[in-house]
Structure formats: structure tokens, C-alpha cells
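Everything below concerns the one structure shown next.
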Amino acid sequence: KYHAPPEYISRLRECYRLEEYKKIVVPIFKKALLYGNRVAVADTTGEYSYLQLYMNSKRLSKQISNICGSGSSSSVGCFGSNDVLTILNLWACWISGQVAIPLKSTWKFENLQEIIMESKIKLLITSKDAREVAQKLAKSQEIVLITVDYDFAKNQSYSFNFNREIFMADKLVVFEGLLQNNFYTNADAMKIYSIDGAEDDKKLQNYILTHNHINSEMKDIANVWNISANDRILNILPSFNTNSFVSNQMFPLILGSTLQIHYPFDPVKAWSIILGINVPVKDRINLVVAESKIFDLLIMEHERIFSKDSRMVEYIRDYCTKHIHLMICCGNNLSVSTFSKWFGITGHSLFENHHITKYKSKLKELQPEKEKQSNANLPNTILPECKFRIIDSENNVLMESYGDSIMAHYKQVSGTLIGHLWISSPGQDTFIDSGKIVSYENGNIVVLGPSNKSKQQ
């Protein structure tokens, strides 16, 4: 168990704050010590605390350093799995000072070989699920293979001594056996290959994420969705997209939240988790992140089991409205039909979370418009089958949609409109507050955070 005196945590937090103020990157695994015994990840194999992740990642990092050399920024291939092991393996690579390259066992063997040769991968790390492919690959390329299992991740035989593990003097913090933060300020963290959905004859595309990119990415996501250490996020992403693992799955850990991974997907169990059935209050989720196809399957299950029970239908909507903070859809395939049906079932607007690198680029492209005239008609390309309104704090309608057009009741030079988002399902005249503050500009709605209002119009 981790029994750090509060004054140590306060000093550690202040050291981190000062380093970040100086534009020095504090990697996510070091921040884990701020949260100690809190549950970091829960999956089908059990619960793992922040301290467990830190200590066992550090243990694995020593094996990695023995092969690659500490702080050598060597390429390490990590076969991903939809559980705690992916996070543990990534942290271990970063603690050792290497560049992690996420891999999937479902990729073509020829593509995996090409990645290894192109990136000069020195080491492969895999779970038992991908071991067959990993062994074949390691043998063909003559590189070392490490297999990590759940027993390794569950290990709690360590004894953590705060005074021995961390040295703090004035405004300096030094970790036993870890690289200094200056290393992470300029170092690469991940090399991402885009293979899923790529054409067979297309050259493999890749891009680099630095530790600075990853930290900024997770902080931005957490800020946009207003995540805190008290949140428990249900994650249902069976596709395991290597392009967006950080922005869709790992981001809650930057703030000490709990990431609950539901895999393999079961619609009955998923609904039970969402509704907190037979779940202790402290372990109930209050935020959902899932793929669009998952929401479709949950809608089908709702129609099959609950649709004929009016009391249950009302209970589900009431529970989700009161106890779920936010529901997020990952990817670009959210249909208007899915959006509308889910809103009718849960009272929640699904917000799309795209890969943050592309998201930032899109935001940078937005330019202030010329002065808009009041009552300007604009095309409604956001929710063509739904009606929506944006209202101000005085309940004045700033913008509303009518079928295929939008009526804007405002006049401002900046071109950006900010207010409360209200939505009405197709065929309905009643608008319900989505509970979100949004900005509207150039045909884009961006969620800024939650609102405190909740009523109907």
C-alpha cells in the first residue's frame, strides 16, 4: 500500500506545477504517484491501482533497458490488447526512454515485417493473445520478444518507500531509477502506423508523437470533456484503434480518473454497467466512451428488452440524465439516426471525439468570419434530421435550426457564438437542454464544458 504523507504529495504536486510552468514535460507515469492507491484501470481481469501500474511498469522497464539501453530512444514494438497491459507496456517503454510503436496481430504479416525493418525495432512486447504472431515475427526478424501477462500486472509484492523512491529538494524532484523530465521534454514517445482501412498497394503511413504532444493531447481532451479525478469512465472500444488510443482510452489517467474497459463487448452487461445495476455506488460509471456501432447495438438491446416496459424506459432516461455526466462517440461514423435514438433513450447528446491531432488542425483552420447580419440563414449541416437551439443565459434564442437551414438571431464581428445547446428529437416540438455549453463557428459546434441548467422549452 502507498502511504505517502499529505505534505509529500503537496510538495510533489508543486514540483510538477513548477516544471510544467517552465515548459518541462512531466510524463503521465510520474503523475501516477499523485494518485497512489486509487483505481487507475478496471477490466475483466480485475482492478489496478496507479501505484501498481507505476511499480510494475518500472519493473518491466528494467528489462527493456537491459536490451535497448536506458534513454536510447530505440523503437519497441508493442502488440496492443484491449486491457490494462497496453497501458503498462507503453509506460514501461517510456520509463526506459524508448519509442513505442503500437502493433496489432490482425495486421498482415508482411506489413508487420515492413514496420520492423523500416523502424529498426529492437524489441517486441506482447500479451498471450498475440504471442503466436509475435513469436513468428521475432523469429523471422531475429529480435528479442518479451511476453507480459496479467500476473505480472497484478504483482503487489513491492514495498514502496516514498523517501527512497523520490528525492525532493527545494524545487527539484528526482525519481530513483528514472530519467529526468528534461529528457521527455524533447523526446519522441510513439510512432503510429495507419494501416486499418488502408489500401493494399498504399505505402505505410506513419507519424511521430512526442511526449509533449501526448501530454497536451490528454490534457486538452480532459479539459474539453471536463474530466476530474472523481470520474469513472466506461470505455467500450473493441476495434482498438492504434491511431487514437491516447485520445480515446488513456486520457483519463492524466487526472487520476478511473478507466473501466469493457471487453469483450456484451450488450446486456454493458447496460448493467451503465445503469449501475448490482454495482456499489463508489464504482458506478458517470461517463461513457464508445464506438458508434456500440451505440447501435445498445439501442437494439434497449428496443428488444426495455421498449415495451414504459416504467423501465422512463427509469433509464431518468437515471442516465441524472447520473451520467457525458456520452462520447469515437470515430466519424455517427449517424443522425443513432444520435436521435440515443438521445430519445438516455436524454444525452452524443458528442464525437476525433483524434486530437486532426482536431487541433481543424480548429486552427477556422478563421473569423466577416460581420454577420442578424437573422442570417445558414445551411444546417450539423444535425439535419434534428432541431436544435443555442440560447444565452437569459434564455434568449441565439440560433435555431429549421429542417435544412439555420436561423441565426445575432450580430457580432467575431463570428463565434457561445451558449447552451438544446436539442429536439425528430418530430418533437419540445427542446431539452443537452447540459453542454458550446461554441458555434463556420458550421462547427465545439463542446466547451457542462452547464448547470436542465429543463425543457
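Positive end of the dipole of the range 38-146 (Cβ unit charges, origin at the Cα centre): among Leu88, Tyr54, Leu103, the Cα lying farthest that way belongs to Tyr54.
What does the extension gain come out to for His323 and Lys219, with contour length at 0.36 nm per residue minus their alpha carbon separation? Intermediate results must be reported in sequence, preceding the final value.
Values: separation 104, 0.36 × 104 = 37.44 nm, distance 2.37 nm.
Full-extension gain reported as 35.1 nm.
The simple spin-label model puts a point 7 Å past each Cα toward its Cβ; for Ser10 and Asn278 those points are separated by 4.5 nm. For the range 284-295, 3J(HN,Hα) computed residue by residue from phi via the Karplus equation (6.51, -1.76, 1.60; θ = phi - 60°) reads 7, 7, 9, 8, 10, 10, 8, 7, 4, 5, 5, 4 Hz, glycine and proline entered as x. Taken one residue at a time, the phi angles of the range 62-70 give Karplus couplings (6.51, -1.76, 1.60, θ = phi - 60°) of 5, 5, 5, 5, 5, 8, 9, x, 5 Hz. Gly and Pro are set to x.
Going highest first, how would you order 233-240, 74-81, 25-32, 153-160 by mean Cβ packing within 10 Å?
Listed from highest to lowest mean packing, they are 74-81, 25-32, 233-240, 153-160.
A cut-off under 14 angstrom between Cβ atoms defines the neighbours of Thr126, and their net charge, with Lys, Arg +1 and Asp, Glu -1, is +1. In this structure, the residue pairs whose Cα-Cα separation is over 21 Å, taken from Lys219/Lys293; Lys322/Lys436; Lys122/Lys191, are Lys219/Lys293. How many angstrom lie between the C-alpha centres of the range 306-349 and the range 202-260? Comparing the Cα centres of the range 306-349 and the range 202-260, I get a distance of 23 Å.
Values in this text are rule-based calculations from the coordinates and carry no lab data. Note that the structure is predicted; figures quoted are calculated from it, not measured. Cβ coordinates were reconstructed from backbone atoms using ideal geometry, including for glycine residues, and neighbour counts include every protein chain displayed.
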